[in-house]
Structures are given as C-alpha cells and as structure tokens.
Amino acid sequence: MAGDLPDYYFRIRENGAVVFRVDTENRQRRIEMIELATVNVKNGNIKPHGDTALSPAELKAIRDWMAARTALLATRDIDDIHRAVDYLNMTTQWVQTKASDDQLEDVTDDLLLAMHDLRTVLVRRKADRLAKGEAAE
C-alpha cells in the first residue's frame, strides 16, 4: 500500500488546500501526514506551515497542483453553465406542459427577474465583444 501513495496530499478547502507530505518511512510503518503549507488558488499564495522551509521539489509539486486545480475548477464552471442552459430548457418545458397556476404564481416573478438580469448582462457583454472586434479591424 505504501508504494501506491502519493508523496503529497492536498486537503481541499474553499479557496485552495492544506498541503501535507505523506510519510510511510517510519518505525511503526504508519502513514504520517506532515503539514507543509496552506495554498490559495485564487491569489496564488503559498504559505509555509510554521517554520517549514519548502524545498524546490515541494514548491514545484504545489505549483503543479495549483495549476491542475485551477484548470479543473474552470472546467467545472463552464460545465455548470452548460447544465444551467439544459435546466432552463427543462424549466421551459415544465412551464408549458406541467406547471399549475399556483406553481407558476410562486415562481414567475423570480424567474422573470433572474432571466431579465441574465439577458441584460449577456447582451452588454456581447456588445462589448463586438465593439472590440470592430476596433481591432
């Protein structure tokens, strides 16, 4: 089992992770996790734990993890948006075919305001992109 373990373990937290070195080379052959640092993927900060001095290999492993984590979160963000489009379509079908008057009374204003807000932002951002494209020509 010890051969299958990674050298580092990243305990995910809201904006990053706590980084541990995984140590199995001890007298009791137990898995020990030595806290190395706290990382923040939003601002790129790497804060060593206590008096820990991070080695170049540890810094590289942390930076590699941060890059992979940032890419994963970006992929999840766009996937969530694609799911939202699907959900909007399913909501439209529900409104058209299944919703009762009471159910519609309960959600119509909230849906209309949210859709108006989204439409306003999308139209503004599209206009900005078109203006940038014309300026580049």
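What follows is calculated from the coordinates using simple rules that are stated; it is not laboratory data. Nothing here was measured: the structure is a model prediction, and the numbers come from that model. With ideal geometry, Cβ positions are generated from the backbone for all residues, glycine too; neighbour counts draw on all protein chains shown.
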*Long-range Cα-Cα pairs in the chain (distance over 28 Å), rounded percent*: 52
*asked:* Taking 8 Å as the Cα distance limit and 6 or more residues as the minimum spacing, I'd like the relative contact order of the chain as a percentage.
replied: 12
_Selected from I78, I46, I31 as most flexible by GNM, with the chain as the system and alpha-carbon contacts under 10 Å_ = I31
_Between M115 and A74, what's the calculated FRET efficiency when r is the beta-carbon distance and R0 is 25 Å? Round to 0.05._
0.50
*Evaluate the distance, in nm, between pseudo-label points positioned 7 Å from the Cα of N40 and of L104 along their respective Cα→Cβ axes.*
4.9
*Please work out the ratio of the alpha-carbon Rg of region 2-77 to 2.2 N^0.38 Å and round it to two decimals.*
1.16
*Quote the charge dipole size of region 2-77 about the Cα centre in Debye, to the nearest 20; the model charges only the Cβ of Lys and Arg (+1) and of Asp and Glu (-1).*
160
*asked:* I need the GluC sites (Glu not before Pro) found in region 1-109, filtered to DSSP loop residues with at most 11 other beta carbons within 10 Å of theirs.
replied: E14, E25
*Longest span of the chain, sites excluded, free of trypsin sites (Lys or Arg not before Pro) in DSSP loop with at most 16 other C-beta atoms within 10 Å?*
43-97
_Residue-wise HN-Hα coupling along region 24-37, computed from phi with Karplus coefficients 6.51, -1.76, 1.60 (Hz; x: Gly, Pro)_ = 10, 8, 9, 4, 7, 6, 8, 7, 10, 10, 9, 5, 9, 6
*By how many nm would the segment from A57 to D7 lengthen if fully extended, with 0.36 nm per residue of separation less the alpha-carbon distance?*
16.9 nm
_At 7 Å along Cα-to-Cβ for each site, give me the label-to-label distance between R27 and R124 in nm._
6.6
*asked:* Please check: in the Gaussian network model of the chain (C-alpha springs, under 10 Å), which one of L54, L111, L73 has the largest mean-square fluctuation.
replied: L111
*Round to the nearest 10 and give me the degree value, 0 to 90, for the angle of helix 101-136's Cα axis relative to the longest principal axis of the chain.*
70
_Farthest positive-ward along the chain dipole, Cα basis, beta-carbon charges - from A67, H82, G50_ = G50
_Give the residue list of chymotrypsin sites (Phe, Trp or Tyr not before Pro) in region 1-59 that are DSSP loop and have at most 13 other beta-carbon atoms within 10 angstrom._
none
*Taking the Cβ of S55 as the center, what net charge do the other residues with Cβ under 13 Å away carry, scoring Lys and Arg +1 and Asp and Glu -1?*
+1
*Round to the nearest 10 and give me the degree value, 0 to 90, for the angle of helix 56-97's Cα axis relative to the longest principal axis of the chain.*
20
